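Below is one structure, written out as structure tokens; the observations come after it.
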Amino acid sequence: MHIRPALSADLPRIERIVHAAYARYIPRIGKPPGPMGDDYVARIRSGSVWVAGDPVDGVVVLLDAPGHLLLDNVAVDPDAQGKGIGRMLIAFAEAEARRRGHAELRLYTHQLMTENIALYARTGWEETGRGEQGGFARVFFRKRLST
């Protein structure tokens, strides 16, 4: 499956995927998760969004930060889950971090998204802290990358 930079024409599909992937968490955390409120028009314009599939089945948002690349969001269409798209997007993020000269990839998730916390712990991510950020109770992770 090919991963490419998102285009403005991908916006409706990106927004649908993000909504479908995160809506199930609203009852659990009491409000829409952070990615549901992002400005994807601006994210696409800035070159921060990458998509997988044709039609698009997965989305990853990558943001440069001092000393690391932030994996800001990864979402897969629920109808396409179980096909390895999420793993592929995370592997892409790792490769992109290396390509940009970063030795570390970081991400965060909500403390009540326990499935995500368990997944990241199982796949080599190190929890670096917990705290309030942007009105959300977050768990922060990093993954040190070999060069």
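Taking the criterion of being in contact with an Asp or Glu (Cβ under 7 Å, 6 or more places away or on another chain) and farther than 12 Å from R144 by Cα, the residues of the stretch 74-105 that qualify are V76, D77, A80, I85, R100. Considering the conditions (1) in a loop (DSSP other than H, G, I, E, B); (2) under 13 Å from the mean Cα position of the chain (by Cα), N116 is excluded by exactly one of them, (1).
Quick one: which residue in A95, A118 is more than 20 Å from I17 (Cβ to Cβ), at pLDDT below 95 and of a type in the set (A, V, I, L, M)? Among A95, A118, only A118 is more than 20 Å from I17 (Cβ to Cβ), at pLDDT below 95 and of a type in the set (A, V, I, L, M). From the list P66, P27, the lone residue that is closer than 20 Å to T128 by Cβ and not hydrophobic (A, V, I, L, M, F, W, C) is P66. The C-beta contact set for the stretch 29-45 (first residue among the small types (G, A, S), second residue surrounded by 12 or more Cβ atoms within 10 Å (Cβ to Cβ), distance under 7 angstrom, 6+ apart or interchain) comprises G34/F136.
Of the candidates R106, R87, the single residue that is in contact (Cβ under 8 Å) with a residue 40 or more places away in the chain, on the phi < 0 side of the Ramachandran plot and among the basic types (K, R) is R106.
Within the stretch 79-104, the residues that satisfy the criterion of being surrounded by fewer than 18 Cβ atoms within 10 Å (Cβ to Cβ), in a helix (DSSP H, G or I) and over 14 Å from the mean Cα position of the chain (by Cα) are D79, A95, R98, R99.
I'd like the residue in the stretch 1-25 that is part of a helix (DSSP H, G or I) and of a type in the set (G, A, S) and, out of all such residues, is surrounded by the most Cβ atoms within 10 Å (Cβ to Cβ). This residue is A21.
The values are calculated or read from the model by the stated rules, or taken from the named source; none is laboratory data. Since the structure is predicted, the reported quantities are computational estimates derived from the model, not experimental observations. We place every Cβ from the backbone using ideal geometry, glycine too, and count neighbours over all the protein chains shown.
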